[in-house]
Amino acid sequence: MRCIDEQGYHFEEWLTPAEIAGDVKQVADRIRADYRDKEPLFVVVLNGAFVFASDLMRAIGDDIRCEVTFIRVSSYFGMATTGRLEFIVPLQQVVDQRDVIIVEDIVDSGLTIHQLKAHMRGLGASSVKVASMLFKPSKLEYPDAKPDYVGREISEEFVIGYGLDFDGFCRNLDAIYKVKK
């Protein structure tokens, strides 16, 4: 088991690259089945979801016709949420009458997804679904933010790697690491 230290915390490998690839394939298979005859718009939440989104798009392949766009929001600093959503890079794509799939790295309290879903519906999206690599069901505060497609459920540990950061660092790790208590 690989371990790393970051900002005074010790992290141990939780998901290997092979396990992550299996989870991504499972999410892609479900999306392909649900959107076979549709043209969804994938809205990738930056910065964290870019790694998952890249692998997810390749796993979906050419089985469905789709578009990809990006939005950047923030509600975290360090290991804690600030409680408010800040739009850093707003949506540039028209979503009116589109099937939207929001791609996120992790859903915990659900604040970001709750607000993003409302935002997409307000812009006229026909449907809004969520694909998340990780989901912390015990932390969910907004029931409408529960992801429709989940790579893996996780308990309350803080995780880094595979796009998930610690104050901007560690996104480049090929595995996902949990903070060791």
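The values are calculated or read from the model by the stated rules, or taken from the named source; none is laboratory data. Keep in mind that this is a model prediction, so the values were computed, not measured. Quick reminder, even Gly has a Cβ in these numbers, built from the backbone with ideal geometry, and neighbours come from all protein chains shown.
Annotations
- Top-ranked residue in the range 135-162 [being among the aliphatic types (A, V, I, L, M) and in contact with a Phe, Trp or Tyr (Cβ under 9 Å, 6 or more places away or on another chain); ranked as modelled with the highest pLDDT]: V150
- Selection status of D23, acidic (D, E), surrounded by 13 or more Cβ atoms within 10 Å (Cβ to Cβ), in a helix (DSSP H, G or I) and in contact (Cβ under 8 Å) with a residue 60 or more places away in the chain: yes
- Test: residue in the range 68-88 that is surrounded by fewer than 18 Cβ atoms within 10 Å (Cβ to Cβ), more than 25 Å from D167 (Cβ to Cβ) and either out of contact with any Ser or Thr (no Cβ under 9 Å at 6 or more places or on another chain) or modelled with pLDDT of 90 or more (or both): yes
- Neighbours by Cβ (under 6 Å, 6+ apart or cross-chain): first from the range 143-160, more than 18 Å from T16 (Cβ to Cβ); second of a type in the set (D, E, K, R) and not in a loop (DSSP other than H, G, I, E, B): D148/K129; Y149/R30
- Within the span defined as the range 76-97, one or more residues are of a type in the set (S, T, Y), closer than 21 Å to L173 by Cα and outside any helix (DSSP H, G or I).
- Taken over the range 124-158, residues that are more than 13 Å from the chain's Cα centre (by Cα), more than 19 Å from M57 (Cα to Cα) and assigned to a strand (DSSP E or B) amount to 1.
- Taking the range 144-165 as the range and being surrounded by 20 or more Cβ atoms within 10 Å (Cβ to Cβ), in contact with a helix residue (DSSP H, G or I) (Cβ under 8 Å, 6 or more places away or on another chain) and under 17 Å from I102 (Cβ atoms) as the test, the residues that pass are A145, P147, Y149, V150, G151, G163.
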